[in-house]
Each structure stands twice: as C-alpha cells, then as structure tokens.
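A quick write-up on the structure given underneath.
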Amino acid sequence: MALNGKSAVVTGAAMGIGRAITEILLQNGAQVALLDVNKTAGESLMEELNKQYGADRTLFLSCNVESEEQIKAAFQKTAETFGGIDILCNNAGILNESTWEKTVSINLMGVIRGTYLALEHMSKLSGGRGGVIINTASMAGIGPLPTCPVYTATKSGVVGFTRAMATASAASGYGIRINVLCPGFVQTDLMSNITTRLGQFSHLADLAHQLIDKIGIIKVSDVAECLLELVTDDTKNGEALMVFEKGRQYVNFPSFTQ
Ligand SMILES: NC(=O)C1=CN([C@@H]2O[C@H](COP(=O)(O)OP(=O)(O)OC[C@H]3O[C@@H](n4cnc5c(N)ncnc54)[C@H](O)[C@@H]3O)[C@@H](O)[C@H]2O)C=CC1
Ligand SMILES: CCC(=O)/C=C/C=C\C[C@@H](O)/C=C/C=C/C=C\[C@@H](O)CCCC(=O)O
C-alpha cells in the first residue's frame, strides 16, 4: 500500500510508540487522526505536527478506547474529515497489574472494539475501500512475562485475535489485511517506574530488570519502521512482527493444516 493520500487512525497517538507511528505515517504522505485519552498531550502534539506537515494532514480527537461511543464518534469524524479510513493502528495500551481489569479493558477489549468498529468503515462488504489494520501487542504476547501475567494475557490475546481476524478477513472478502506488532522493551513512559506497575508481583522487580538488561531497550523509531513495513507490504496478512535489540523477526507459528 502506498501511503500518499491515505487516511489513518492511530490510538494512543499522543505519546511514545503511537506518536512515532503517527509521525512515520505523516512522513510517508498519509493523513492521520490522532486518538488519545490525554487531551492536553494530544492537542499539543497536533499543533506541533500542523506546523511541520500542514493543518490539513492531522486531526486530534479525544477518545478513550474503553468507550464504544467515543471510538464510533472518532471514526465517523475521521471519515467525514478525510473521506474514509484506510489504515487503523490499535496502539493504545497500559501496563498496570494492580488495575488488571482496566488493563484488559484497554489492551484487549479496546483492540477488539476498534477493529470491529473499523470494519464498518473499511470493509469492502460495507462500502469501504479495504485497507490495513495493525494491532500493537508485545513480545510479551509471544514470550510470557512472569512479572505481569495479566498484561501478558492481553498481549497474547491481541496476537491470537489479530491472526484469527486476518484469516476471517481473507475468507470473507473484507479487503483488509490485519497484522500485529510485537515490540520488546521500548523507551517510553510505559517503561517508567516499572516496579509500581507490577502490583502483587512487585517483589519480582529484580527479575524484571534482569530481563530488560538481557533483552535490551529499543527506540520508538525502531518500532515505527516495523509498522511501516506491515502497512506497506501488501503480502503481509496475519503476521506477527517482533522487534527488539537483536533486530526484527517474524514469528513462525505452528500450522495444523499444511
Ligand atoms: N514501551 C514498551 O516497552 C512497549 C509497549 N508496547 C505497547 O505499545 C503501546 C503503546 O505503549 P507506549 O507508547 O510504550 O506507552 P505510553 O504510555 O508512552 O503511551 C500510551 C499512549 O496511550 C494513551 N492511552 C492510554 N490509555 C488509553 C485509552 N484508554 N484510550 C486512549 N488512549 C489511551 C496514553 O494517553 C498515551 O498517550 C501499548 O499497547 C503497549 O502495551 C508493546 C511492547 C513494548
Ligand atoms: C519484565 C519487566 C516488565 O514487566 C516490564 C514490561 C515493560 C514493557 C512492556 C512490554 O510490552 C515489553 C515486553 C518485552 C518482552 C521481551 C521479552 C519477553 O518476551 C521474554 C519473556 C521471558 C523469556 O522468555 O525469557
């Protein structure tokens, strides 16, 4: 998919990986709707991006991915402003084992909600022009983290949901490719004060730091470059792309029918 003139939606766009995804999409010619629950950060970033890329290329919409109503309204506004939706990046997520129900609500249910609502705008079966959906999971969705079991569960769920939806989309004729991004440890706010985020597993903080030291920490731009590959390579559907200090690697899952 060439990005010139395409319209994208990025959730959790105001900071971290979502900001990097937004910027690489803009750099490659797309128009981007930035959705985030943090209105202050989102509006500030939009003003910065308007100066760099032009006011007609970005739109900030305050949106909590836990709310069906807010996502629905944001997608409708995006479609009205940009003339449709071609790309969705379900990126918003948190890490907090103390508020594990909220972690599930945002990380997994938010991705499912965004994907299903996007079908109404993107699927060729409902008048859309097809496109691509990229869900941000984590390497924790492939190699479980004992320090944050619920976070791990949400990311494993995003991997499984994405792969199932990719097959469903191909079989249904939606015209939508669906892939999942699995970063390792990335230098963002989510990585700050890790111990406080581990809840009842905070006694495993030393193990957490050992894992981080072993796996290494990458930059948000490393993740954004992988997202660009999954968006632009039309052969990619149902793929899980890991990215960590050793580089990028597609996950080879077992096949039971070939
Ligand atoms: N930082 C890391 O090491 C890794 C992060 N990830 C995933 O990448 C995604 C982005 O994380 P980071 O950029 O690291 O975090 P971050 O904390 O820097 O940014 C997350 C963004 O999402 C927004 N957000 C949070 N809850 C929201 C909600 N309910 N509705 C809308 N927006 C919401 C925040 O306001 C923030 O702007 C998350 O899904 C995270 O699980 C995956 C692998 C590694
Ligand atoms: C481990 C400390 C912790 O809980 C912090 C997590 C912080 C960032 C978010 C998360 O998405 C990053 C995950 C990175 C995981 C990388 C490697 C694991 O899959 C290895 C699992 C253990 C193993 O297989 O040795």
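The values are calculated or read from the model by the stated rules, or taken from the named source; none is laboratory data. Keep in mind it's a predicted model, so treat the numbers as computed, not measured. Using ideal geometry, Cβ is built from the backbone for each residue, glycine included, and neighbour counts are taken over all protein chains shown. Surface areas here come from the heavy atoms of the whole protein model, side chains and all, with no ligands, DNA or RNA. Shrake-Rupley method; radii C 1.70, N 1.55, O 1.52, S 1.80 Å.
Considering every residue within the range 63-75, establish whether at least one is closer than 16 Å to A224 by Cβ, modelled with pLDDT of 95 or more and within 20 Å of the chain's Cα centre (by Cα).
Initial filter on the range 63-75 (closer than 16 Å to A224 by Cβ): none.
No, that holds for no residue.
I'd like the residue in the range 111-150 that is within 16 Å of ligand 2 (Cβ to nearest atom) and under 12 Å from the mean Cα position of the chain (by Cα) and, out of all such residues, is farthest from I217 (Cα to Cα). Give the derivation first.
The first filter runs over the range 111-150 and keeps only residues within 16 Å of ligand 2 (Cβ to nearest atom), leaving 111, 134-150.
Then keep just the ones that are under 12 Å from the mean Cα position of the chain (by Cα); that gives 111, 134-138.
Working: V111: 25, I134: 22, N135: 20, T136: 17, A137: 16, S138: 13 Å.
This residue is V111.
Being closer than 24 Å to L230 by Cα, in contact (Cβ under 8 Å) with a residue 24 or more places away in the chain and open to solvent by 30 Å² or more (accessible area, probe 1.4 Å) is true for just one of A2, A13, A33. Which residue is that? Before the answer, list the steps.
Values: A13 fails: open to solvent by 30 Å² or more (accessible area, probe 1.4 Å); A33 fails: open to solvent by 30 Å² or more (accessible area, probe 1.4 Å).
Unique residue meeting the criteria: A2.
Given (1) in contact (Cβ under 8 Å) with a residue 60 or more places away in the chain; (2) out of contact with any Ser or Thr (no Cβ under 9 Å at 6 or more places or on another chain), identify the lone condition not met by G84.
The single condition G84 does not satisfy is (2).
Looking at A73, A55, which one is closer than 20 Å to A30 by Cα, hydrophobic (A, V, I, L, M, F, W, C), free of Cβ contacts under 8 Å to residues at least 60 places away in the same chain and open to solvent by 50 Å² or more (accessible area, probe 1.4 Å)? Write out each step before concluding.
Details: A73 fails: closer than 20 Å to A30 by Cα.
Result of the check over A73, A55: A55.
Pick from G42, G83: which is on the phi > 0 side of the Ramachandran plot and more than 16 Å from ligand 2 (Cβ to nearest atom)? Can you show your working first?
Numbers: G42 fails: on the phi > 0 side of the Ramachandran plot.
Exactly one of G42, G83 is on the phi > 0 side of the Ramachandran plot and more than 16 Å from ligand 2 (Cβ to nearest atom), namely G83.
Within the range 1-31, can you find the residues that are more than 14 Å from the chain's Cα centre (by Cα) and not charged (D, E, K, R)?
Answer for the range 1-31, where residues must be more than 14 Å from the chain's Cα centre (by Cα) and not charged (D, E, K, R): M1, A2, L3, N4, G5, S7, L26, Q27, N28, G29, A30, Q31.
For the range 1-59, which positions are of a type in the set (S, T, N, Q), under 25 Å from L95 (Cβ atoms) and more than 9 Å from ligand 1 (Cβ to nearest atom)?
Here is the first cut: in the range 1-59, the residues of a type in the set (S, T, N, Q) are 4, 7, 11, 22, 27-28, 31, 38, 40, 44, 50, 52, 58.
With under 25 Å from L95 (Cβ atoms) added as a condition, the list becomes 11, 22, 38, 40, 44.
Residues satisfying the conditions are T22, T40, S44.
Inspect all residues belonging to the range 154-168 and state whether any of them is open to solvent by 50 Å² or more (accessible area, probe 1.4 Å) and either of a type in the set (F, W, Y) or farther than 22 Å from M109 by Cβ (or both).
No, the range 154-168 contains no residue that is open to solvent by 50 Å² or more (accessible area, probe 1.4 Å) and either of a type in the set (F, W, Y) or farther than 22 Å from M109 by Cβ (or both).
Being in contact with a helix residue (DSSP H, G or I) (Cβ under 7 Å, 6 or more places away or on another chain), β-branched (V, I, T), surrounded by fewer than 20 Cβ atoms within 10 Å (Cβ to Cβ) and in a loop (DSSP other than H, G, I, E, B) is the filter here; which residues of the range 76-107 pass it?
The answer is I94, and nothing else.
To keep it simple, each residue is scored yes or no on (1) more than 10 Å from ligand 1 (Cβ to nearest atom); (2) closer than 15 Å to N179 by Cα.
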{"residue": "T78", "(1), (2)": "yes, no"}
{"residue": "S98", "(1), (2)": "yes, no"}
{"residue": "T115", "(1), (2)": "yes, yes"}
{"residue": "G131", "(1), (2)": "yes, yes"}
{"residue": "P144", "(1), (2)": "yes, no"}
{"residue": "V158", "(1), (2)": "no, yes"}
